[in-house]
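J.: I am attaching a structure below and will ask some questions about it afterwards.
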Amino acid sequence: MFAFRRHSWLVAFVAAALFILPSGSHAASRTGGGITLPGPTTSPKIGKILTLAQRELSRNVVERRGNNIPRYRNGKGKIAPYSIANQWCAAFSTWIWNHAGFKAYLGTGILWRSYDGTRVGVQVRDLTNWATKNGYFSYRAKPGYLVAYGTSHIGIVEKIDRISGRAVGSIEGNIGNRVSRVTVPMDRVTGYISPVRLTPIQLDKSAAYADMAVPSAVLDRLDESGFSQP
């Protein structure tokens with residue numbers, strides 16, 4: 001029997017459970033995405049994502065009194081360019097991707113203009129659904145990927161600890177009203193999103209070497225296809 005069948009008890013990933021929908025008519029008036037883009041971006045290197053995220057972390061970005069307007073210098077400086085005047089974890093992550101040269105997420109259904117005019121994603125569920133349907137969803141973390149966890153949060157994977165504590169280290173916006181480093185237990189992870197489209201083999205390997213729960217249907221498909229670890 002295929003080795004991964006023994007994990008069939010794992011809870012299936014439910015993309016619909018993930019959401020960070022900015023509320024009210026304000027959200028409705030600023031939605032609109034679905035841009036069709038050419039094939040996956042291959043440059044610049046994914047490492048640039050972390051360089052930019054770490055730069056923003058070093059700038060001490062904090063909201064003023066929890067107003068969802070992130071500012072530099074512990075909330076006393078200029079408005080951060082990824083501000084959307086609403087919940088901004090997805091905006092922060094996709095702004096970083098955009099400015100690192102990775103723009104495939106612009107094919108998602110819900111996009112807003114951030115403070116500097118960049119089109120950013122604003123909803124975890126929307127990003128996850130897009131990734132799942134278009135080959136960007138991964139069950140295994142890599143630095144520069146997005147990590148979704150809980151019911152409404154997303155950040156940028158910085159490092160992965162698969163030996164001690166099985167945790168993902170991420171850099172995130174709107175966590176404690178600031179840009180912060182966060183340690184996410186892998187049992188809380190509900191999805192990873194790659195900035196580039198993954199090949200069918202890469203998708204299968206991400207499930208075979210997963211850092212998170214894998215749906216039984218995916219494991220069954222791997223079993224039926226005869227996929228095995230090298």
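Laboratory data are not the source of any read-out in this text; all were calculated from the coordinates shown. Only a predicted model underlies this, so the values are computations on that prediction, with no experimental measurement involved. Every residue, glycine among them, receives a Cβ derived from its backbone with ideal geometry; neighbour counts consider all protein chains shown.
J.: Between T151 and R113, what length in nm is gained on full extension when 0.36 nm per residue of separation is reduced by their alpha carbon distance?
T.: Values: separation 38, 0.36 × 38 = 13.68 nm, distance 2.38 nm.
Length difference between fully extended and current span is 11.3 nm.
J.: Cut-off is 10 Å between beta-carbons; in what order do H99, H153 appear when sorted fewest neighbours first? Could the numbers behind the result be given before it?
T.: Numbers: H99 17, H153 23.
The order, fewest Cβ neighbours first, is H99, H153.
J.: Still on this model: Once R0 is set to 25 Å, what does the formula 1/(1 + (r/R0)^6) return for the Cβ-Cβ distance between S216 and T132, expressed as a FRET efficiency to the nearest 0.05?
T.: Values: r = 16 Å, r/R0 = 0.64.
The computed FRET efficiency comes out at 0.95.
J.: While we're on this one: Quickly work out the R181-to-Q202 label distance, labels modelled 7 Å from Cα along the C-beta direction, and quote it in nm with one decimal.
T.: According to this spin-label approximation, the distance is 2.7 nm.
J.: Turning to a different aspect of this structure: So what's the net charge close to S93: Lys and Arg +1, Asp and Glu -1, counting the other residues with Cβ under 11 Å from its Cβ?
T.: Details: positive: none; negative: E56, E172.
Value of the local net charge: -2.
J.: To continue, here is another question. Please find the FRET efficiency linking K78 to Q54, where r is the Cβ-Cβ separation and R0 is fixed at 22 Å, and quote it to the nearest 0.05.
T.: Numbers: r = 19 Å, r/R0 = 0.88.
Efficiency for this residue pair is about 0.70.
J.: Still on this structure, please answer the following. Could you tell me which of the pairs K48/K78; K76/K103; K103/K133; K159/K205; K48/K103; K48/K142 are separated by over 22 angstrom between their Cα atoms in the structure shown? Could the numbers behind the result be given before it?
T.: Working: K48/K78 24 Å; K76/K103 31 Å; K103/K133 16 Å; K159/K205 19 Å; K48/K103 13 Å; K48/K142 13 Å.
Long pairs (Cα-Cα over 22 Å): K48/K78; K76/K103.
J.: Using the Cβ atoms and a cut-off under 15 Å, what net charge is assigned to the surroundings of D161, where Lys and Arg are +1 and Asp and Glu are -1? Intermediate results must be reported in sequence, preceding the final value.
T.: Numbers: positive: R140, K142, K159, R162, R166, R181, R188; negative: E158, D187, D211.
Counting the neighbours of D161, the net charge comes to +4.
J.: Could you work out how far the C-alpha centroid of segment 189-209 sits from that of segment 162-183, in angstrom?
T.: After rounding, the separation between the Cα centres reads 20 Å.
J.: Provide the FRET efficiency to the nearest 0.05 for the N67-R188 pair, computing r from the beta carbons and using R0 = 30 Å.
T.: Details: r = 27 Å, r/R0 = 0.92.
According to the calculation, E is roughly 0.65.
J.: Using θ = phi - 60° and the Karplus relation 6.51 cos²θ - 1.76 cosθ + 1.60, list the HN-Hα couplings for segment 209-216 in order, rounded to whole Hz, with x at every Gly or Pro.
T.: 10, 4, 9, 8, 5, 10, x, 4
J.: Would you mind ranking W88, W97 by Cβ crowding within 10 Å, fewest neighbours first? Intermediate results must be reported in sequence, preceding the final value.
T.: Values: W88 30, W97 27.
Ranked by crowding around the Cβ, least crowded first: W97, W88.
J.: Here's something else I'd like to know. Within a Cβ distance under 12 Å of G144, other residues only, what is the Lys/Arg minus Asp/Glu net charge? Don't skip to the end; give the middle numbers.
T.: Numbers: positive: K45, K48, K142, K159; negative: E158.
Here the count lands on +3.
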